[in-house]
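These notes are about the structure you will find just below.
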Amino acid sequence: RIVLGIESSCDETGVGLVRLGADGSVELLADAVASSVDEHARFGGVVPEIASRAHLTAMAPTMRRALDESGLELSDVDAIAVTAGPGLAGALMVGVAAAKAYSVALDVPLYGVNHLGGHVAVDTLQHGPLPPRCLALLVSGGHSQLLLVEGIAERITQVGSTIDDAAGEAYDKVARILDLPYPGGPPIDGLAKQGNPKAIAFPRGLTGPRDSRHDFSFSGLKTAVARWVEGEQRAGREIPVADVCASFQEAVADVLTFKAVRAAQDLGVGTLVISGGVAANSRLSALAAERCAAAGIELRVPRPRLCTDNGAMIAALGAHVVAAGAKPSPLDLSATPGLPVETIVLS
Ligand code: ATP
Ligand code: MG
Ligand code: FE
């Protein structure tokens, strides 16, 4: 069966196609993405109205590209999955409206699925089926969470979450402090490679013995970077940008991997999946590999292209939902900006 996935929760318009095998396996057939990131860059963050309009113009051409890439035709599609939430209301509505139209026109079932579950499900396109229980570290522009995944289409439980900023948000804010372009992840990742990660001792939020074991906090780190930079500027010294990037990045990767490995041990799970835009970070994956190996935990990190928002992740989750025999969503399905991570599919 062929499952089509549509993503429009933030600033990427994504259309993906996957093949669901009789054995429940999923195979990537097409992954077309159009991004409006450049249009938001001068504002230093996503402007919802601009994102919605960009989805509207990009949706049909991106659909065309995905079909061309796969060599399939619309009539080959057996089910449609769309991001129902969480995300920006106006942005989500464009994808949901498009998905409904295709669903009615093709007379195939529609599944409104969870964007966050999609970030985890995408890994099965690269590394095959997930074990019955695994831990997911989801780190993106809007979320930083530890999730216990007991069947990607069955049960996802939040174990921990950021109490303030998301990891990606911290990257974007620190980039702004350092006058680096938006989004901040890629330029900071690049500059960090030329800097000294031990140059500045930035704080590791919520890692004290009395702190919440599985929650994160990144706003103190962002403030510490801002204070440090201000101090140097006041003293008339030049900012060692590469060292700041490396030291900031080390603090983020240290906390994320330390807490993820500890949570895996607490929960007795042997597999860690890291996904979301920040999973594309080179230091995060390197440190996670080191610490997971030491702890005897299997590490799975999808390739960077699959970590950031795309339609293939929604098609992948949709395929697993279809395979699990879930009830399709009603045709009056709405966009749900605050969809909780536990809700995998809206039926
Ligand atoms: P959410 O999934 O929570 O709704 P989102 O979809 O906007 O948020 P993604 O597209 O998954 O988030 O990720 C975007 C974030 O990833 C941005 O904050 C960006 O700075 C960050 N990012 C991208 N590449 C890297 C990198 N190499 N290192 C660190 N962060 C990165
Ligand atoms: Mg994005
Ligand atoms: Fe995302």
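The values are calculated or read from the model by the stated rules, or taken from the named source; none is laboratory data. None of these values were measured; they are calculated from a predicted model. Every residue, glycine among them, receives a Cβ derived from its backbone with ideal geometry; neighbour counts consider all protein chains shown.
Structural remarks
- Candidates Arg65, Arg19, filtered to the one that is more than 15 Å from ligand 3 (Cβ to nearest atom), out of contact with any Ser or Thr (no Cβ under 8 Å at 6 or more places or on another chain) and either modelled with pLDDT under 95 or part of a helix (DSSP H, G or I) (or both): Arg65
- Selection from the stretch 132-147 of residues that are away from ligand 1 (no atom under 11 Å from the Cβ) and either of a type in the set (Val, Ile, Thr) or surrounded by fewer than 19 Cβ atoms within 10 Å (Cβ to Cβ) (or both): Pro132, Arg133
- The one condition in (1) surrounded by 18 or more Cβ atoms within 10 Å (Cβ to Cβ); (2) over 15 Å from the mean Cα position of the chain (by Cα); (3) more than 14 Å from Gly14 (Cβ to Cβ) that Pro129 fails to fulfil: (1)
- Ala60 being more than 13 Å from ligand 2 (Cβ to nearest atom), modelled with pLDDT of 95 or more and farther than 18 Å from Ala101 by Cβ: no
- The residues of the stretch 48-87 that are of a type in the set (Lys, Arg) and under 24 Å from the mean Cα position of the chain (by Cα), listed by number, are Arg53, Arg65.
- Answer residue from the stretch 22-57, given it is more than 21 Å from Asp172 (Cβ to Cβ) and assigned to a strand (DSSP E or B) and is farthest from ligand 2 (Cβ to nearest atom) among those: Glu27
- Checking each residue in the stretch 122-138 for being away from ligand 3 (no atom under 12 Å from the Cβ), in contact with a Leu (Cβ under 8 Å, 6 or more places away or on another chain) and not in a strand (DSSP E or B) picks out Asp123, Thr124, Leu125, Gln126, Arg133.
- Of all residues making up the stretch 256-285, the number that are within 12 Å of ligand 1 (Cβ to nearest atom) and farther than 23 Å from Ser219 by Cβ: 2
- Pairs, first in contact (Cβ under 8 Å) with a residue 40 or more places away in the chain and within 10 Å of ligand 1 (Cβ to nearest atom) in the stretch 163-190, second aromatic (Phe, Trp, Tyr) and part of a helix (DSSP H, G or I), C-beta under 6 Å, six or more apart: Val174/Phe248; Gly185/Tyr171; Ile188/Tyr171
- Every residue from the stretch 294-327 that is farther than 20 Å from Arg133 by Cβ, in a helix (DSSP H, G or I) and either away from ligand 2 (no atom under 16 Å from the Cβ) or among the basic types (Lys, Arg) (or both): Ala294, Arg305, Ala315, Gly318, Ala319, Val322
- Considering the conditions (1) crowded, with 18+ Cβ neighbours inside 10 Å; (2) within 17 Å of Val321 (Cβ to Cβ); (3) away from ligand 3 (no atom under 16 Å from the Cβ), Glu7 is excluded by exactly one of them, (3).
- Restricting Gly141, Gly117, Gly90, Gly95 to residues that are modelled with pLDDT under 95 and either touching a Gly at 6+ places or on another chain (Cβ under 6 Å) or not in a loop (DSSP other than H, G, I, E, B) (or both) narrows the list to Gly141.
- Within the set Ala288, Ala263, the sole residue that is in contact with a His (Cβ under 7 Å, 6 or more places away or on another chain), closer than 22 Å to Thr124 by Cβ and part of a helix (DSSP H, G or I) turns out to be Ala263.
- Filter result for Ala253 (within 12 Å of ligand 1 (Cβ to nearest atom), small (Gly, Ala, Ser) and either touching a helix residue (DSSP H, G or I) at 6+ places or on another chain (Cβ under 7 Å) or assigned to a helix (DSSP H, G or I) (or both)): yes
- Set Gly325, Gly296, Gly276: member being crowded, with 20+ Cβ neighbours inside 10 Å and at positive phi: Gly276
- From the list Arg283, Arg305, the one residue that fits, being within 15 Å of ligand 3 (Cβ to nearest atom) and surrounded by fewer than 22 Cβ atoms within 10 Å (Cβ to Cβ), is Arg305.
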